[in-house]
Every structure is written in structure tokens, then in C-alpha cells.
Amino acid sequence: MEQGVAKMRPVEGGLEIKPGETVELKPGSFHIMLTGLKQPLEKGQKVWGTLEFEKAGKVDIEYAVEALGAASPAPAGQHMHH
């Protein structure tokens, strides 16, 4: 936050996830920004991506496109682990 305005900037040096810890990516906190899209994303669409980890290597993931501000489909208190 700068003067009450949320600023986005890259995380320098990557995002560290310590052993046994969970990092939640969400609006207003750490999140992934997709740039250079060739067309708008449609609600209900599936988008594939690859996360690259320093030690775990590349992990392919599938994103489900939701309406902006939609609640997470995962029940409260449950986290997905890979």
C-alpha cells in the first residue's frame, strides 16, 4: 500500500515457501498476474499454467476461471497440497 493505494510489483527473488508452510495466493495479498493474454478469459474456462520451483522443478496446474470476487470453491478450512 502506498498513500492508501494498493500497488502491484514483482516479488524480488521469488516467493519462499518454507517446508511445511502454506502460502495462499489471493487478491490483496500475493497473487499471480497473467500478462500478455491473447484474448479475455471466460468464466468457466480452464487455463493451464506451469509453476516453476527452485527445488521442486516445474509443476503443471490448471486454473478454473471464476467471476471477479467469486468465493473460493474449496470448503473453509481445507487446503490443497501438492
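The values are calculated or read from the model by the stated rules, or taken from the named source; none is laboratory data. Everything quoted here is computed from the prediction, not taken from an experiment. Methodologically, a virtual Cβ is constructed for each residue, glycine included, from the backbone with ideal geometry; neighbour enumeration extends over all protein chains shown. Quick note on the areas: whole protein, heavy atoms, side chains included, nothing else; ligands and nucleic acids left out. Shrake-Rupley method; radii C 1.70, N 1.55, O 1.52, S 1.80 Å.
Quick check, is Glu2 modelled with pLDDT under 80 and loosely packed, with under 10 Cβ neighbours inside 10 Å? Steps first, please.
Working: modelled with pLDDT under 80: yes; loosely packed, with under 10 Cβ neighbours inside 10 Å: yes.
Yes; evaluated as a whole, the condition is true for this residue.
Which of the residues that make up the range 50-59 are open to solvent by less than 100 Å² (accessible area, probe 1.4 Å) and closer than 22 Å to Met8 by Cα?
Filtering the range 50-59 down to residues open to solvent by less than 100 Å² (accessible area, probe 1.4 Å) leaves 50-51, 53, 56-57, 59.
Those that are open to solvent by less than 100 Å² (accessible area, probe 1.4 Å) and closer than 22 Å to Met8 by Cα: Thr50, Leu51, Phe53.
Scan the range 35-49 and give yes if some residue there is open to solvent by 80 Å² or more (accessible area, probe 1.4 Å) and touching a strand residue (DSSP E or B) at 6+ places or on another chain (Cβ under 8 Å), otherwise no. Can you show your working first?
Taking the range 35-49 as the starting set, the residues that turn out to be open to solvent by 80 Å² or more (accessible area, probe 1.4 Å) are 35, 37-40, 42-43, 46, 48.
Among the residues that remain, those that are also touching a strand residue (DSSP E or B) at 6+ places or on another chain (Cβ under 8 Å) are: 46, 48.
Yes.
So, of the residues in the range 43-64 that are touching a Phe, Trp or Tyr at 6+ places or on another chain (Cβ under 9 Å) and among the aromatic types (Phe, Trp, Tyr), which turns out to be farthest from Lys18 (Cα to Cα)?
Checking each candidate, the answer is Trp48.
Can you tell me which residues in the range 2-48 are closer than 23 Å to Leu68 by Cα and outside any loop (DSSP other than H, G, I, E, B)?
The answer is Val5, Lys46, Val47, Trp48.
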